[in-house]
Amino acid sequence: MPCVLTQGYNLDCRDSFGGLKEVYVMEHANGVVTQAAGIVTGIVKTATKKFFKYKLIAHTGEADEAFTPSRENGTTMSKQSVKFPINKMTVAVRNELLLLAQNRLLIVIVDQNGTGWLYGADFGMMLAPSTAKTGKVLADRNGYELGFESDEKFLAPSVDAATLLTLETPGV
């Protein structure tokens, strides 16, 4: 049975912006996602668990998805990645990075348009090769450049505004 198309695409106003405003991170095992038609309408969190917010400096964070259909296998998948820096090397951040590396993660990005997107919904994102840099000259970054990756079944769903407001609230 063929998959029926539902719409076309018209050029829209040029009022969209690139980049990320913030990133929210939580252990994949501690959240159950409810979604319909590509929109996350709720994330039930395990008791006391919440998303941790990473505020980003403008023009430094990015998220990508490579949607890959396979003609030979009759499959589709999405390779998701999120990258952002954390300025200033500290022991506290170093220790948190070690915890990030040990987990599968749910990551919600909020883009510069104010739209939230859930990455790692099915299998969880994992810390990819990342770096700690001291820089060479005084104006260089002293800090971390983090990358996260996941292979997912579908493109990232949007996160509705009501769910975005609950990310930092602990589960009950």
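When only the Cβ of Lys, Arg, Asp and Glu is charged (+1, +1, -1, -1), the dipole of the chain relative to its Cα centre reaches about 560 debye.
Pairs of lysine residues in the chain that meet both criteria, 8 or more places apart or on different chains and Cα atoms under 18 Å apart, total 12.
In whole percent, what relative contact order does the chain give with Cα contacts below 8 Å and a gap of six or more residues?
30 percent
Comparing Cα centroids, the stretch 106-172 and the stretch 40-75 end up 6 angstrom apart. Within the shell of other residues whose beta carbon sits under 13 angstrom from the beta carbon of Phe67, the net charge comes to -2, with Lys and Arg scored +1 and Asp and Glu -1. Net charge in the neighbourhood of Lys21 (other residues with Cβ under 11 Å of its Cβ; Lys, Arg +1, Asp, Glu -1) is 0.
The simple Förster model, with R0 at 35 Å and r as the Cβ-Cβ distance, assigns Asn142 and Ala36 a FRET efficiency of 0.20. Using a cutoff of 8 angstrom between alpha carbon atoms and counting only pairs six or more residues apart, the relative contact order for the stretch 103-172 works out to 31 percent.
The alpha carbons of the stretch 20-164 occupy a box of 50, 42, 31 Å along the principal axes, longest dimension given first. Between the helical axis of 91-101 and the dominant principal axis of the chain, each derived from Cα atoms, what acute angle in degrees is found, rounded to the nearest 10? Compared with the principal axis, the helix lies near 30 degrees. If you plug the beta carbon distance of Asp15 and Asp151 into 1/(1 + (r/R0)^6) with R0 = 25 Å, you get a FRET efficiency near 0.20.
Electrostatic bookkeeping for Gly114 treats Lys and Arg as +1 and Asp and Glu as -1; over the other residues with beta carbon under 13 Å from its beta carbon, the sum is -3.
Just so you know, all these numbers are worked out from the coordinates, no wet-lab data involved. None of the values given here were measured: they were computed from a predicted structure. For neighbour counting, all protein chains shown are included, and Cβ atoms are generated from backbone atoms with ideal geometry for every residue, glycine included.
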